[in-house]
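Taking it in order: structure first as structure tokens, then the write-up.
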Amino acid sequence: MIGTVTLNPAVDQTMRVDGPLAPDEVIRVEDARFDPGGKGINVSKYLTAMGTETVATGVLGGFVGRHVAERLESAGIATAFVDIEGVTRMNTTVLAADDEYKLNQAGPQVSPADVDAVVEKLRTRSPGTVVVAGSLPPGLDSDAIDRLARAGPWETVVDVDGPLLRELDAEFELCKPNVTELEAATGREITGVESAIEAARELRGDRFDRVLASLGPEGAVLVSADGVVHEPAIDCEVVDTVGAGDALLAGVLAATDAGADDADALHAGVVSATAAVSTQGTTLPSLPEPTASGVD
Ligand SMILES: O=P(O)(O)OC[C@@]1(O)O[C@H](CO)[C@@H](O)[C@@H]1O
């Protein structure tokens, strides 16, 4: 079973406007939706859509937190969240004619004691893998992630900002940077697949067994002790990129869990990410069930 930890969840508000964003005028929204989000929560949503057992944990507070919990429960996603005093944040994506705009709040204050309470929730569920994903809210630093990684017999997967990746010192089964995060974590400039592979190799080092780097239109690479695999992106109409990295990660983890090797797992990840970018918002009705050969 795969547990996810989201220390800074959100309700994601996605709005579509037909024209470009312009100052000093009222912009009429054509279409709006709310999704329970935050990177770990999205990974649990995508795992559920693939039929892989998961529990979503982390911290939730206030009316936004209650909405996240209700939506996950009604979608049949197992949850084990710790209540906090502050109000869970709302993040906004605007899909405008010219571009995609993303506004993420800092989030409420969370304490190391809240992280200890999350550890207790995880221990009662005994996951084989724990995914810690997303930004850290005010009050926490990299110690929180090291603590989660060392607190149980599980393997830990991490998807956090590049500067934070440099500060971690526990051991992790996998990390999932995007291009910006890979550049920040290694200080290397990434200009294409080859330079991404070099940077991912350098990042692997002692702390990360595997590095899964999402490269947007160039697809993704997975670097491990077994070697390097690259999977190009699948051609599709891109509607909304929010959650694409989470879907990639969920696909790789679900397929790995089903016994797939790195190449097949990466293929499954890219199939999931393609479904995510082809859909508005971050909720997918269903995804191909991963098998030992990736996806059927
Ligand atoms: O501010 P963070 O924690 O880095 O990212 C949060 C977030 O943008 O990531 C998810 C998509 O990956 C969204 O559901 C959510 O709003």
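The values are calculated or read from the model by the stated rules, or taken from the named source; none is laboratory data. The shown structure was predicted, so the numbers you read here are calculated from the model rather than taken from an experiment. Cβ coordinates were reconstructed from backbone atoms using ideal geometry, including for glycine residues, and neighbour counts include every protein chain displayed. These area figures cover heavy atoms from the full protein model, side chains too; ligands, DNA and RNA do not enter into them. Shrake-Rupley method; radii C 1.70, N 1.55, O 1.52, S 1.80 Å.
Computed quantities for the displayed model
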item	result
For LEU148: the one exception among (1) touching a residue at least 40 places away in the same chain (Cβ under 8 Å); (2) assigned to a strand (DSSP E or B)	(2)
Matching residues in segment 1-35 - criterion: being within 11 Å of the ligand (Cβ to nearest atom) and under 30 Å from PRO153 (Cα atoms)	THR6, LEU7, ASN8, PRO9, ALA10
Tally, over segment 230-270, of residues that are within 16 Å of the ligand (Cβ to nearest atom) and part of a loop (DSSP other than H, G, I, E, B)	6
Residue among GLY38, GLY58 that is farther than 30 Å from VAL17 by Cβ, within 16 Å of the ligand (Cβ to nearest atom) and modelled with pLDDT of 95 or more	GLY58
Search result, residues across segment 153-164 that are surrounded by 17 or more Cβ atoms within 10 Å (Cβ to Cβ), outside any loop (DSSP other than H, G, I, E, B) and not β-branched (Val, Ile, Thr)	GLU155, ASP159, GLY162, LEU164
Pair list, Cβ < 8 Å and 6+ apart or interchain, from segment 1-27 residues that are among the acidic types (Asp, Glu) and modelled with pLDDT of 90 or more to residues that are open to solvent by less than 10 Å² (accessible area, probe 1.4 Å) and within 12 Å of the ligand (Cβ to nearest atom)	ASP12/ASP35; ASP12/PRO36; ASP12/GLY37; ASP12/ASN91; ASP12/THR93; ASP12/GLY281; ASP12/THR282
Set ALA149, ALA220: member being under 28 Å from THR79 (Cα atoms) and buried (at least 16 other Cβ atoms within 10 Å of the Cβ)	ALA149
Residue under evaluation THR283, criteria (1) of a type in the set (S, T, N, Q); (2) open to solvent by 20 Å² or more (accessible area, probe 1.4 Å); (3) out of contact with any strand residue (DSSP E or B) (no Cβ under 7 Å at 6 or more places or on another chain), criterion not met	(3)
Number of positions in segment 165-206 that are within 23 Å of SER135 (Cβ to Cβ), part of a helix (DSSP H, G or I) and of a type in the set (S, T, N, Q)	2
Filter result (crowded, with 18+ Cβ neighbours inside 10 Å and either more than 17 Å from the chain's Cα centre (by Cα) or of a type outside the set (Gly, Ala, Ser) (or both)) within segment 122-134	LEU122, PRO127, THR129, VAL130, VAL131, VAL132
Residue check, VAL238 of a type outside the set (Lys, Arg), at pLDDT below 95 and surrounded by 19 or more Cβ atoms within 10 Å (Cβ to Cβ)	no
Residue selected from segment 165-185 under the condition open to solvent by 20 Å² or more (accessible area, probe 1.4 Å) and touching a residue at least 24 places away in the same chain (Cβ under 8 Å), by the criterion farthest from VAL277 (Cα to Cα)	ASP169
Filtered residues of segment 120-144 (kept if touching a helix residue (DSSP H, G or I) at 6+ places or on another chain (Cβ under 8 Å), free of Cβ contacts under 8 Å to residues at least 60 places away in the same chain and within 13 Å of the ligand (Cβ to nearest atom))	none
Test result for THR92, within 11 Å of the ligand (Cβ to nearest atom), polar (S, T, N, Q) and surrounded by 15 or more Cβ atoms within 10 Å (Cβ to Cβ)	yes
Selection count where residues are at pLDDT 95 or above, away from the ligand (no atom under 15 Å from the Cβ) and not in a helix (DSSP H, G or I), scope segment 96-119	2
Breaking point among (1) assigned to a helix (DSSP H, G or I); (2) open to solvent by 10 Å² or more (accessible area, probe 1.4 Å), for GLY139	(1)
